[in-house]
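The values are calculated or read from the model by the stated rules, or taken from the named source; none is laboratory data. These figures come from a predicted structure and were not determined experimentally. All Cβ positions, glycine included, derive from the backbone under ideal geometry; neighbour counts span all protein chains shown. Just the protein is used for accessible areas: all its heavy atoms, side chains included, with ligands, DNA and RNA removed. Shrake-Rupley method; radii C 1.70, N 1.55, O 1.52, S 1.80 Å.
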Amino acid sequence: MSKTSCEGSAMLHHERARRAPTPGKAAILAIGKAFPSQLVPQECLVEGYIRDTKCDDATVKEKLERLCKTTTVKTRYTVMCKEILDKYPELVTEGSPTIRQRLEIANPAVVEMATEASKACIKEWGRPVEDITHIVYVSSSEIRLPGGDLYIASRLGLKNDVGRVMLYFLGCYGGVTGLRVAKDLAENNPGSRILLTTSETTILGFRPPNNARPYDLVGAALFGDGAAAVIIGADPVAGQESPFMELNYAIQQFLPDTHYVIDGRLSEEGINFKLGRDLPQRIDDNIEGFCRKLMGKGKLVDFNELFWAVHPGGPAILNKLERTLRLKSEKLECSRKALMEYGNVSSNTIFYVIEKMREKLKREDGEEWGLALAFGPGITFEGILIRSL
């Protein structure tokens, strides 16, 4: 089902780090990703979505066509396919109680993708799987007990005393939350190695268009499926591990009285989202102070002397951020490329950005310090001050 990647692993594994790691600080030691096999070019999405949902409303089609152009997405991967729709035709019947069917599809799909991403990551890392001491699993796409963390640990052959953490339903900021949690585990458990994996599918939110749910079309035009994984650890073993980004300082912050701006509710028909039109402005009003707080830990003052790994929630958020902080156009290049190639894949997307940033910094002998940022329900900000090694 999954397409995996550990790009550049052979070359990176033998490279000497450009900068010495800080003793005791957590760092990213390896990265991997995986996707379902079905790739959807954006120019094919409208016809496919209209056909699959049996929609005959011309205005819906026109609106979706406009949205598909404004998202800047070019390609996405998706679990949804003809075989699934043939097996579960009720998924495109308005009002059908289909949460059981959706979970029958989503639960195994996210575990399979996370497992494949983790295998790619472990291969790049180059150490035995038995050396993993903790697993942190992030997903807003599955619901069950036990959670996917146990299934992934079993599939990978992790030790049965591996420390497991499951982070459910955080949405788009979940990947950076996972980094913050993994950082704390690594720095407070000497010698530990944390596998952080994220996996998402849009199955829970797939449904026919309805004028009462305008955000469904935004989701159809913007979101994709996939998984990612990183290995986190402090005090990397010389000659065995190749750290490339140090997690220097991490903070989370919520904006009071913004619960309604991003609102997701689980129902018998799946998950329903409402997105406030003021989301980009809310982020815009608060982002500079948040970034300054992170930068203060490194005594940094100039936004354009940093590299930027920003979760691309959508082009409007990236554009606002660029204007507000007066960033040079190339600063958000990795975020824009990740959005273009994969869409918004919720918690995973920050890792696709980080992978692109790794290659960019290595190619250009780039900046030492940067920020990893993500935004999601709450409105919640997650940020990490990162040092490139």
For region 193-205, pairs from a residue that is in contact (Cβ under 8 Å) with a residue 40 or more places away in the chain to a residue that is part of a loop (DSSP other than H, G, I, E, B) and open to solvent by 10 Å² or more (accessible area, probe 1.4 Å), with Cβ under 6 Å and 6 or more apart or across chains, are 193/133; 201/79; 203/79
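Within region 155-212, how many residues turn out to be part of a helix (DSSP H, G or I), over 30 Å from residue 268 (Cβ atoms) and of a type in the set (S, T, N, Q)?
Final tally of qualifying residues: 1.
Identify all residues within region 127-152 that are closer than 12 Å to residue 29 by Cβ and either open to solvent by less than 30 Å² (accessible area, probe 1.4 Å) or touching a Ser or Thr at 6+ places or on another chain (Cβ under 8 Å) (or both); write none if there are none.
Residues of region 127-152 that are closer than 12 Å to residue 29 by Cβ, as a first pass: 127, 131-132.
Selection gives 132 alone.
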Mind checking which pairs have a first residue in region 117-146 that is under 30 Å from residue 101 (Cα atoms) and among the acidic types (Asp, Glu) and a second that is assigned to a helix (DSSP H, G or I) and open to solvent by 10 Å² or more (accessible area, probe 1.4 Å), Cβ under 8 Å, 6 or more apart or different chains?
-> 142/103; 142/107
Of those in region 98-110 that are out of contact with any strand residue (DSSP E or B) (no Cβ under 8 Å at 6 or more places or on another chain) and surrounded by 17 or more Cβ atoms within 10 Å (Cβ to Cβ), the residue farthest from residue 205 (Cα to Cα) is 107
Per the list (1) open to solvent by 50 Å² or more (accessible area, probe 1.4 Å); (2) at pLDDT below 95, residue check on residue 219 breaks on (1)
Output for Cβ contacts, cut-off 7 Å, separation at least six or different chains, first residue over 18 Å from residue 192 (Cβ atoms) and of a type in the set (A, V, I, L, M, F, W, C) in region 21-34, second open to solvent by 10 Å² or more (accessible area, probe 1.4 Å) and part of a strand (DSSP E or B), reads 34/2; 34/3; 34/4
Report, by residue number, each residue of region 258-301 that is in contact (Cβ under 8 Å) with a residue 40 or more places away in the chain and among the aliphatic types (A, V, I, L, M).
-> 261, 262, 266, 271, 275, 279, 283, 287, 294, 295, 300
Of the residues 95, 24, which single one is open to solvent by 20 Å² or more (accessible area, probe 1.4 Å) and farther than 30 Å from residue 230 by Cβ?
-> 95
